[in-house]
Amino acid sequence: MSWTLDLLHTVLTDVLPVVLIGAGIAIALRDRRRRAKAAVLQQQPWPDLPEGSVAITVPPLGRGVASATVVRISKSVGEHVALNDPVAEVSTDKVDTEIPATVAGVVAGILVRPGQEVPVGFPILAVRSH
């Protein structure tokens, strides 16, 4: 019985603090990398919209999600878009989702390319409403 108490004491006094410190350092480094990546993405220039058009943007994708990678664009320039039509698909480490059109009209410009990582709120398509 005493060897189990000795083992428990060793784990609690020697091993557990080291594990907790290591976990704290790992979390801090992950958060630092995430903030640095978000800062770089926010610095990229936002595209100009064609005159008379409205942007369809990357919507909020969940708590802590600052960016997404464009998987595909479902519409092409000149194509008609109805409200809520899927116009693009994006992927994050937490979710893959289709982006619906927030306005009906004709696609006036594609502002991103597949494989591009963009911040939440970034314009994906420009649409001229009817």
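Exposed (fewer than 11 other Cβ atoms within 10 Å of the Cβ), at pLDDT 90 or above and either in contact with a helix residue (DSSP H, G or I) (Cβ under 8 Å, 6 or more places away or on another chain) or of a type in the set (Lys, Arg) (or both): does that describe residue 113? The answer is yes for residue 113. Residues in the range 65-88 that are within 17 Å of residue 122 (Cβ to Cβ), open to solvent by 50 Å² or more (accessible area, probe 1.4 Å) and either without any contact (Cβ under 8 Å) to a residue 12 or more places away in the chain or not β-branched (Val, Ile, Thr) (or both): 72 only. The number of residues in the range 3-42 being under 30 Å from residue 116 (Cβ atoms), open to solvent by 100 Å² or more (accessible area, probe 1.4 Å) and modelled with pLDDT of 70 or more comes to 5.
The residue that is farthest from residue 103 (Cα to Cα), among those in the range 43-58 that are modelled with pLDDT of 75 or more and open to solvent by less than 60 Å² (accessible area, probe 1.4 Å), is 47.
The values are calculated or read from the model by the stated rules, or taken from the named source; none is laboratory data. Treat the numbers as computed from the prediction; the structure is a model and nothing was measured. Note: ideal-geometry Cβ built from the backbone for every residue, glycine included; neighbour counts use all protein chains shown. Ligands, DNA and RNA are stripped out before the accessible areas are found, and what is left, the full protein with its side chains, is counted by its heavy atoms. Shrake-Rupley method; radii C 1.70, N 1.55, O 1.52, S 1.80 Å.
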